[in-house]
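The block underneath contains the structure these notes are about, expressed in structure tokens.
Coordinate-derived values only; no laboratory data. Here the structure is a predicted model, which means the values were calculated and not measured. Please note: Cβ atoms are built from the backbone with ideal geometry, for glycine as well, and neighbour counts cover all protein chains shown.
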Amino acid sequence: MYSITGLTKTYATKERGTISALAGVDLEIADGELVSIQGPTGGGKSTLLQMLGALDRPTDGSIKAFDHDLAALSDAELTTIRAQSIGFVFQHYNLIPTLTAAENVEAAILPVNSGGKVTAQARAERAREVLAQVGLADRATHRPAELSGGQQQRVAIARALVKRPEVLLADEPTGNLDEAMRDEIWDVIETLHAERGLTVVLVTHDTAIARRTPRRLRIANGRLTELD
Amino acid sequence: MFTTYLRRELSGRRKQTAIVAIGMAVAIALVIIVNAFAAGVRDAQSEALASVYGVGTDVTVTQAPEAGSGGPGQGGQFQFEEGAELSQERLSTGMGTTAFASSDLATITDLDGVAAAVATLSLENSSFSGEVPDQSATPQNGPPTDGSGGSGGPSSFSIDRFSVTGVDASSDALGPLTTMAVTDGEGLSSAGDTDAVAVLDSVYASEVGLAVGDTISVGGTELTVIGIATSTSGEGVATESNVYVPLALAQSLSGLTDQVSTVYVQATSADAVSGVADAISTALPDLSVETQEDLASSVTGSLSSASDLASSLGRWLSIAVLAAAFGLAVLFTVAGVNRRTRELGTLKAIGWSRRRVIGQVAGESLVQSLIGGAIGAVVGLLAIIGLNLASITLTAAQAATAGPGAPPGGGGPGGAGGPGGAAETTTSAVDLVLHAPISPQIVAIALGVAVVGGLLAGAVGGWRAARLSPAVALRSIA
């Protein structure tokens with residue numbers, strides 16, 4: 001899935017000069033793997049996830065994925081890859097507050113359907129189908145403010161999955177949830193991985209969640225290490 | 001999805017949408033009102049000018065009076081002997097009017113860009129009867145100015161004045177004949193060039209109690225009234241002259257053979273007007289040439305005030321309110337984009353293209369402005385309807401120093417001499433009801449302005465949204 005070599009990302013700041021968020025990271029992630037990345041705040045977790053998610057380009061190094069070197073692609077090409085191949089789940093859910101759960105899910109199909117081949121009705125059916133898969137069939141017309149944190153995160157997962165991505169990238173998906181909801185979301189992610197063979201990369205502070213993943217990585221000071 | 005998202009966003013932030021829409025509505029309503037008001041004033045100005053100079057006239061040519069020639073015009077003098085009883089009648093050019101050679105008409109007609117030209121001779125008929133006051137027994141008063149007769153001497157006398165215009169009846173497509181219609185009897189075109197006939201203005205005819213078939217004394221000759229003419233501006237509105245006679249007859253009666261006082265010129269196109277005016281000035285440097293634009297500047301009274309109001313205050317107020325509305329729209333759109341950094345960044349992260357994000361932001365801004373524009377258009381149209389129902393009457397006072405056909409007015413009896421110095425200024429006033437036209441064009445322009453405002457705000461907001469990096473957008477809340 002991913003073949004990363006010498007990945008470096010530096011930021012220029014006024015206060016602290018140049019900061020090295022990633023310092024020559026090498027990483028291989030196979031198709032269908034479930035990987036967790038842990039590390040201290042400011043260690044480089046989110047930056048690595050942005051590189052994996054084609055949200056940003058590295059300062060140096062290469063990220064080979066989806067038959068491309070993401071470091072060499074244009075903004076438009078990266079947008080296409082995000083639209084078709086990558087599903088995101090965010091710590092703060094990042095749902096559009098004015099849209100219903102179903103509409104939030106539909107919003108992710110739009111860019112995949114740029115040619116307009118999928119009708120609005122088919123899009124709505126597909127959104128409801130995926131919501132049903134995450135146990136929210138009866139909440140399709142609810143707006144985010146009318147849902148609990150766990151339900152909102154499940155809507156976010158449905159939004160990530162509705163386009164049938166090759167990889168699911170989750171940034172602290174349980175960070176805002178209590179223990180019961182955390183387990184609920186973990187169960188959804190684990191089931192999706194097990195049933196669909198979906199590649200999942202999980203950034204988390206939560207050691208309990210990280211320990212449930214088959215492969216654990218740690219990143220600190222921009223350097224990546226494998227954990228037992 | 002686009003419309004659903006757009007609708008939800010606008011209804012989700014009602015307060016902001018309402019502020020931008022109201023701002024735009026006020027601006028658009030103002031644009032519509034000011035434009036309609038200005039168009040109404042323009043129409044009124046054209047009507048006022050047409051009532052004086054005739055429809056279709058682009059340029060008028062007159063002879064500027066020489067300095068100090070403010071007294072009686074050409075054509076003869078009264079002969080007074082103090083204390084004598086007398087009754088005299090004189091037909092001459094009026095105050096501030098000077099005649100010039102009618103051959104100048106041919107010169108003008110031959111110029112490039114001239115479609116048509118017609119000449120008239122504006123005269124004033126004065127009749128004096130009574131006893132001439134003994135000036136030696138009277139303190140030195142100023143000359144009488146009200147035209148009703150002198151007051152200086154111990155004896156009384158009366159002066160009767162009316163204006164007479166000699167017209168070329170065969171050219172009724174240009175000049176004063178275009179602003180009137182014969183409502184009783186016949187027009188001058190049915191008479192010969194020197195027939196002793198006259199057509200009377202209906203207002204003047206009713207004042208002096210004359211009708212078709214009666215006679216009127218002009219320059220000491222009895223003329224038969226063959227027709228009564230009414231101003232095309234409406235009932236009760238006086239035409240430019242009290243009496244109209246054939247041009248050749250007017251020249252003959254006044255002794256101004258081969259003389260005219262005004263030439264009305266029509267250019268081949270609006271673009272040619274300026275060139276024609278210049279050409280006439282060059283060919284006939286002694287004559288005074290005025291275009292419609294020059295003439296419009298001589299209109300005073302409440303019409304002039306309304307024109308100033310529309311062109312200065314109204315225009316600048318519209319621009320200021322429009323700028324404020326545009327600024328408000330841009331400000332709120334940019335603020336909205338800043339507030340929605342996470343939202344727009346998320347959309348980019350899940351694959352929304354830059355174009356789709358910009359389209360969404362610009363679309364919201366455009367619809368917001370269009371809502372304001374539509375409300376503004378309705379408010380503006382209602383205001384115009386109210387304005388028209390109010391039937392505001394404007395007075396156009398036409399001041400002229402040498403203009404054609406100035407109606408009879410001030411001055412003492414001929415021969416006594418008017419005030420010296422500059423040429424006399426004469427004035428005619430026309431009352432006009434302001435009608436602000438409601439045209440689809442104005443509404444379209446106003447809505448176009450709203451679209452421009454929306455697009456401007458959308459462009460700025462969209463540009464800001466386009467610059468958002470999905471990574472930075474997400475990092476800001478991580």
Item checked: Relative contact order (percent, whole number), the range A:33-88, Cα cutoff 8 Å, 6+ residue spacing -> 26
Check: All other residues with a Cβ under 15 Å from the Cβ of A:Glu146 taken together, and with Lys, Arg as +1 and Asp, Glu as -1, what is their net charge?
Finding: +2
Notebook entry, point to check: So which aspartates and glutamates pass the test for A:Lys163, namely a Cα distance under 18 Å, with those fewer than 8 places away in the same chain ruled out?
Noted result: A:Asp31, A:Glu77, A:Glu103, A:Glu106, A:Glu125, A:Glu129, A:Glu195
Check: Can you give the net charge of the other residues whose Cβ lies under 9 Å from the Cβ of A:Pro111, counting K and R as +1 and D and E as -1?
Finding: +3
Margin query: What lysines does B:Lys15 reach when the alpha-carbon gap must be under 30 Å and sequence neighbours fewer than 8 apart in one chain are set aside?
Written below: B:Lys348
Margin query: With 10 angstrom as the radius, rank B:Thr232, A:Thr47 by how many other C-beta atoms surround their C-beta, starting from the fewest.
Written below: B:Thr232, A:Thr47
Item checked: Relative contact order (%) - chain A, alpha-carbon pairs under 8 angstrom, separation at least six -> 30
Notebook entry, point to check: Which order results if B:Ile28, A:Ile4, B:Ile319 are arranged by neighbouring Cβ count within 10 Å, fewest first?
Noted result: B:Ile319, A:Ile4, B:Ile28
Item checked: For the range B:1-51 and the range A:70-115, distance of Cα centres in Å -> 38
Note to self: For B:Ile392, what residues show an amide H to amide H distance below 5 Å, using hydrogens built from the backbone and excluding near sequence neighbours?
What the structure shows: B:Leu434
Note to self: Could you give the length gained by full extension between B:Leu389 and B:Ala459, i.e. 0.36 nm per residue of separation minus their alpha carbon distance, to one decimal place?
What the structure shows: 21.1 nm
Notebook entry, point to check: Given H placed 1.01 Å from N in the peptide plane, which residues other than close sequence neighbours of A:Ile19 have an amide H under 5 Å from its amide H?
Noted result: A:Tyr11, A:Ala12, A:Thr13
Next item on the list: Taking amide H positions as placed in the peptide plane 1.01 Å from N, state which residues far from A:Arg223 in sequence (5 or more) or on other chains have amide H under 5 Å from it.
Entry: A:Ala23
Checklist line | For the range A:117-228: relative contact order, % (alpha-carbon pairs under 8 angstrom, 6 or more apart) | finding: 20
Next item on the list: Report, as an integer, the average count of C-beta atoms from other chains found within 10 Å of each Cβ along B:1-14.
Entry: 3
Next item on the list: Among A:Tyr2, A:Tyr11, rank each residue by its count of other Cβ atoms within 10 Å, from fewest to most, as a rough exposure measure.
Entry: A:Tyr11, A:Tyr2
